[in-house]
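Written out below as C-alpha cells is the structure these notes cover.
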Amino acid sequence: MKKIYHNMMLMTIIAIASLAFTSCEDARIARTLEGTWKGNMYISSRYDGRVYNSTYSEVTFLKDPGAYSSGSGYWVDYYSDAPWDYIANHIDWTVDYGTIKIRFVEEDTWIRISDYHLDDDRFYGVLDDNGRRVDFELYHTSSPNWSGYRWGYDAWYGYYAPARRSAASDSTATEKPVRFVRSSDAETATE
C-alpha cells in the first residue's frame, strides 16, 4: 500500500511540474511576443467578386499585465491594389500550451499560430485559418501610433481609406471584405 501511495504521489508531482513548466514557457513566449512585428502573413480579402492580396501585415501584441500569457493588440493588413489602403482590427490573443491563438475582434474570427520560431528579432512559423495553413515571417519593429486608425467597418467608406473611394460607389452598400489566408500558390487578384 505504501508503494502505491508513493507512486501516486510521484505521478502527481510530475503532472504538476509539467503544468508549471508549460505555464512558465507560455509566459516566456508571451513576453517575447510582446511588441510590433511586420512582414508577410499571406492575407487576402475577397470583396465584390475579386480577391485582393495584402502586401504586408503589421501586428502589435500588447501583453495584459494581469495575465501571464495573453493580451490584446492590433493587426493591420496593407494593400496596394485594393479599393482600400488597409484593414485594421483589434485582436485578443493568448498562448496556450505553446500555440498562439488570435481573435480578430471586429470580425469575430480566430486564427492559430503553431510550429513557430520566436526570438527578439524574428518570428516565423505556420498560420492556420480554419484548415488553410501557410508559412509566415515577421520581423520585430518599433511600435507606431495606433490611435491614427479608425477601427472596423463603415458603410460609407468601407474599410478606412476614403482617398481612393470611387465616385460611382454606392454609399448604402454594406458588403465587407472577407479576410482569409491565401495558399502558398497565391490566388490571383482577379479570381
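A straight Cα-to-Cα reach below 30 Å connects residue 63 with the lysines 38, 101, 176, residues fewer than 8 places away in its own chain not being considered. Computing FRET efficiency as 1/(1 + (r/R0)^6) for residue 55 and residue 175, where r is the C-beta to C-beta distance and R0 is 22 Å, gives about 0.50.
Readers should treat all values here as calculations from the given coordinates under stated rules, not as data from a laboratory. Since the model is a prediction, treat every value here as computed from it, not as a measurement. Don't worry about glycine lacking a Cβ; one is built from the backbone with ideal geometry, like all the others, and counts go over all protein chains shown.
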